């Protein structure tokens with residue numbers, strides 16, 4: 001009997017106009033969007049490759065360590081899974097300076113793109129966004145008349161005259177409708193993945209395919225939530241017209257209105273300004289202490305001349321400068337200096353060991369101060385930027401759309417944590433570079449600022465590589481949200497069951 | 001006809017969808033008003049402080065005309081629109097200021113002259129909050145009002161046919177077009193009532209607060225925006241009637257309409273923009289850098305040829321080097337800017353296939369926000385730059401002791417300048433200009449409505465009952 005029910009419902013759904021329309025529109029939108037997004041991704045990839053090359057060349061122009069440390073950059077590659085959910089991937093900076101004089105964070109990254117910056121005024125879309133809007137709408141269209149329609153036509157009464165359990169009817173309806181909705185979902189995703197694999201620029205690893213699997217799973221759970229919402233409304237109302245209107249407005253509220261409204265009503269607080277100012281002062285004090293130490297060293301020095309250049313000039317190319325860089329908004333404050341000579345006048349040669357001695361003293365202190373400051377800055381940045389963003393994301397999760405978005409972002413690795421992983425890797429890379437500098441005894445060496453005798457071989461510098469967060473971490477981040485979606489499913493189903501059991505036919 | 005319209009209206013007034021639409025629109029407009037009341041005073045204050053600071057910095061340099069000529073007018077700020085709540089128009093992605101930079105090179109006594117720079121807005125780089133659309137009038141009208149219009153019309157013909165009342169009505173001696181127009185007017189009134197109510201509440205909130213003040217001009221603009229919204233509603237009502245008279249069952253009509261809505265409203269604008277922006281590629285950063293260097297090298301070489309010669313010739317060559325190099329660099333920057341603007345404008349004109357994009361553009365023009373407004377601001381700044389340069393030259397001419405050699409300290413007037421004689425930058429918004437840019441969009445929207453209404457009429461006249 002149960003099988004007959006499922007079969008009947010399935011055929012009923014399959015032969016309708018809405019099924020054909022659903023398949024058509026999902027395929028059309030997803031394929032069109034994927035094609036466009038792949039092109040966009042290729043552009044970003046090309047821009048990334050050019051940036052890497054430019055940065056490498058700019059570094060190679062210098063034969064000494066000191067200016068090189070001001071020009072070493074790491075570029076953030078575009079994430080191929082950002083086609084599914086773009087998240088923060090496109091929005092945050094992708095050029096991160098790596099220097100011994102400060103610890104880079106997400107807020108120090110610059111946007112290095114050959115693209116026209118005006119193009120940002122157009123909203124960006126991705127495949128998950130299409131699903132968010134279309135699948136939820138389709139699920140409601142399939143669900144609104146499932147119970148109310150049968151009740152109106154009287155067929156529900158007819159079915160219940162047979163010895164069928166009410167739970168079975170409900171389950172049969174749910175299973176058959178979900179099977180029907182699966183068709184457009186899976187077909188469009190399959191086509192999207194096929195397009196991706198045929199494109200030469202996008203290379204997907206096994207892990208990436210597992211991530212796509214995670215996105216499919218969460219899409220399924222999301223679809224089911226909206227079907228059940230529709231079914232709940234259908235079970236509660238007597239007439240299909242009412243059920244339809246309620247579902248449409250529920251959809252408009254959950255998908256269009258709520259996510260945009262809730263964040264508009266929670267503007268960033270001003271309390272964080274005071275927190276930022278206090279942290280900034282603390283950081284400044286540390287650097288004042290550092291500066292005092294530096295001046296003491298210079299004052300007690302027997303050799304005349306002042307840093308950073310010690311009054312030396314050069315017949316060839318030379319550059320020098322130092323100072324404090326500050327940005328109160330992102331709590332960035334650090335001491336930088338640069339000094340580089342291609343050759344010296346003979347009269348200055350006697351000064352060189354003295355300069356070497358000074359930079360041998362200064363280098364490690366700059367590194368240590370930067371590391372000390374980072375502890376304070378990290379905490380303050382977390383409080384000022386990360387925590388409000390986290391609260392916003394929790395608020396968004398009150399709508400299934402937010403949960404789905406968060407789950408797929410975590411799968412794609414384009415969420416805040418995924419991006420932070422990248423910056424963690426950059427910080428590790430900075431440690432590697434510093435270890436390399438210590439290893440080469442660069443700070444006290446002649447090579448730090450003088451390129452007249454020998455030149456730095458930049459090829460021996462450690463290479464930066466980022467493989468993306470590993471699949472376990474991504475799963476750990478996505479699973480709570482997927483479970484949340486599944487729990488909502490379960491609760492909704494139980495409620496519908498209880499209502500349907502008790503309802504008068 | 002009026003009788004039918006009235007009947008439709010009464011039918012709708014009692015329905016669930018009317019109540020839900022009213023609640024939804026009211027909620028959205030209230031949110032919009034409250035958020036605007038919080039944000040607007042702060043942004044106006046920020047603008048005023050920034051402008052005063054920039055002016056003070058400029059007036060601090062009056063002692064030397066050379067300083068004024070070398071460093072330029074400093075930062076010029078974009079005036080925030082009082083109607084920011086109508087359409088945000090991507091303003092966070094457009095920079096709020098242009099500035100005159102002057103640190104490019106230094107060669108002995110010569111320093112590079114100022115050039116206008118157009119920085120990209122990068123404030124969003126520090127923003128890690130989730131990405132959402134702002135609730136402005138453009139969102140309420142573009143997304144919510146259009147959906148409501150469809151929900152009010154999807155069953156107006158198909159539903160009556162299903163229940164058999166259509167046959168009953170047409171059995172009377174009412175002409176068919178009267179039935180259609182009556183239905184259209186009835187639906188239009190029932191959608192306009194909640195919208196007008198929501199708009200009134202929104203404006204009422206503003207009028208109770210002293211922090212936000214709307215001028216006569218702003219009220220005129222609001223009136224036009226309201227009319228645009230009604231026109232846009234007509235478009236979706238006509239679409240609903242068209243589909244509803246073509247199909248037999250209201251369920252089918254609904255599915256078709258909703259899917260059309262999703263395509264037209266949600267996807268077309270962004271997908272089309274993405275496609276169209278790939279058609280051209282403006283000058284890239286690297287190319288710009290290379291060409292900048294070429295220009296500087298060319299002029300430096302010319303200067304070096306004369307350098308070391310007699311003093312007056314060197315002065316003259318220096319003046320030529322500084323001024324011509326700056327002019328050429330600025331032309332290059334403007335060339336790149338024009339290419340970028342052309343790319344965006346091409347993309348925007350292609351998105352006009354979607355009526356939602358048309359309405360978005362219209363609201364932006366009348367609210368004085370968005371891309372067209374940004375271009376206006378850039379033009380204002382460029383005009384001011386010319387005025388400022390002319391002021392420097394004229395002041396220099398006015399001093400008989402000067403050698404009239406721009407770009408070198410010794411060649412220019414050394415008298416102090418009166419602070420109030422320096423031209424003031426005024427960023428203006430003019431309604432007639434906005435109307436000109438919007439005329440095309442307005443025509444296009446009207447055309448959409450007329451075509452769809454004609455389609456609905458034809459479909460309904462031929463309908464089998």
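The values are calculated or read from the model by the stated rules, or taken from the named source; none is laboratory data. Keep in mind the model is a prediction, meaning the values are calculated, not measured. Here the Cβ is made from the backbone with ideal geometry for all residues, glycine too, and neighbour counts use every protein chain on show.
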Assess whether residue B:51 counts as being part of a helix (DSSP H, G or I) and surrounded by fewer than 21 Cβ atoms within 10 Å (Cβ to Cβ).
-> yes
Residue A:362 passes all but one of (1) more than 14 Å from chain B (Cβ to nearest Cβ); (2) modelled with pLDDT of 90 or more; which number fails?
-> (2)
Extreme residue, surrounded by the most Cβ atoms within 10 Å (Cβ to Cβ), among residues of the stretch B:128-143 that are at pLDDT below 85 and touching a helix residue (DSSP H, G or I) at 6+ places or on another chain (Cβ under 8 Å) = B:128
Among the residues of the stretch B:16-26 satisfying the criterion of being facing another protein chain (nearest Cβ under 9 Å) and surrounded by fewer than 17 Cβ atoms within 10 Å (Cβ to Cβ), which is modelled with the lowest pLDDT?
-> B:16
Out of A:60, A:43, A:76, report the one residue that is within 14 Å of chain B (Cβ to nearest Cβ), modelled with pLDDT under 90 and more than 20 Å from residue A:132 (Cα to Cα).
-> A:43
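Could you pull out the residue among B:180, B:185, B:166, B:242 that is under 21 Å from residue A:244 (Cα atoms) and touching a helix residue (DSSP H, G or I) at 6+ places or on another chain (Cβ under 6 Å)?
Sole residue among the options that is under 21 Å from residue A:244 (Cα atoms) and touching a helix residue (DSSP H, G or I) at 6+ places or on another chain (Cβ under 6 Å): B:242.
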Tell me which of these residue B:434 doesn't satisfy, since it passes every other one: (1) surrounded by fewer than 15 Cβ atoms within 10 Å (Cβ to Cβ); (2) in contact (Cβ under 8 Å) with a residue 60 or more places away in the chain.
-> (1)
Scope the stretch A:245-268; condition within 9 Å of chain B (Cβ to nearest Cβ) and not in a helix (DSSP H, G or I); matching residues = A:265, A:267, A:268
Of all residues in the stretch B:140-168, which are free of Cβ contacts under 8 Å to residues at least 24 places away in the same chain and within 12 Å of chain A (Cβ to nearest Cβ)?
-> B:163
Filter the helices (runs of 4 or more DSSP H) completely within the stretch B:214-302 down to those with at least 3 residues that are away from every other protein chain (no Cβ under 14 Å) and farther than 30 Å from residue A:116 by Cα.
-> B:216-246
In the stretch B:90-108, residue farthest from residue B:348 (Cα to Cα) [restricted to those that are part of a strand (DSSP E or B) and out of contact with any strand residue (DSSP E or B) (no Cβ under 8 Å at 6 or more places or on another chain)] = B:107
What is the residue count in the stretch A:11-40 for residues that are more than 7 Å from every other protein chain (Cβ to nearest Cβ), part of a helix (DSSP H, G or I) and either more than 18 Å from residue A:85 (Cβ to Cβ) or out of contact with any helix residue (DSSP H, G or I) (no Cβ under 6 Å at 6 or more places or on another chain) (or both)?
-> 13
Could you list all residues from the stretch A:64-86 that are assigned to a loop (DSSP other than H, G, I, E, B), in contact (Cβ under 8 Å) with a residue 60 or more places away in the chain and either out of contact with any strand residue (DSSP E or B) (no Cβ under 8 Å at 6 or more places or on another chain) or on the phi > 0 side of the Ramachandran plot (or both)?
-> A:77, A:79, A:84, A:85, A:86
Is it the case that some residue within the stretch A:428-435 is touching a residue at least 40 places away in the same chain (Cβ under 8 Å) and at the interface with another protein chain (Cβ under 10 Å from one of its Cβ atoms)?
-> no
Elements of type helices (runs of 4 or more DSSP H) in the stretch A:87-206, at least 1 residues being more than 14 Å from chain B (Cβ to nearest Cβ) = A:148-153, A:155-161, A:166-198
The stretch A:245-260, residues that are within 24 Å of residue A:176 (Cα to Cα) and surrounded by fewer than 20 Cβ atoms within 10 Å (Cβ to Cβ) | A:250
Filter result (buried (at least 23 other Cβ atoms within 10 Å of the Cβ) and either outside any helix (DSSP H, G or I) or at the interface with chain B (Cβ under 9 Å from one of its Cβ atoms) (or both)) within the stretch A:213-244 | A:244
Taking the stretch B:67-89 and keeping only residues that are more than 14 Å from chain A (Cβ to nearest Cβ) and in a loop (DSSP other than H, G, I, E, B), one is left with B:72, B:73, B:74, B:78, B:79, B:80, B:81, B:82, B:83, B:86
Any hit, the stretch B:335-345, residues being more than 11 Å from chain A (Cβ to nearest Cβ), at pLDDT 90 or above and surrounded by fewer than 17 Cβ atoms within 10 Å (Cβ to Cβ) | yes
How many residues does the stretch B:367-377 hold that are in a helix (DSSP H, G or I), surrounded by 24 or more Cβ atoms within 10 Å (Cβ to Cβ) and away from every other protein chain (no Cβ under 14 Å)?
-> 1
What number of residues within the stretch B:304-352 are part of a helix (DSSP H, G or I) and over 30 Å from residue B:232 (Cβ atoms)?
-> 32
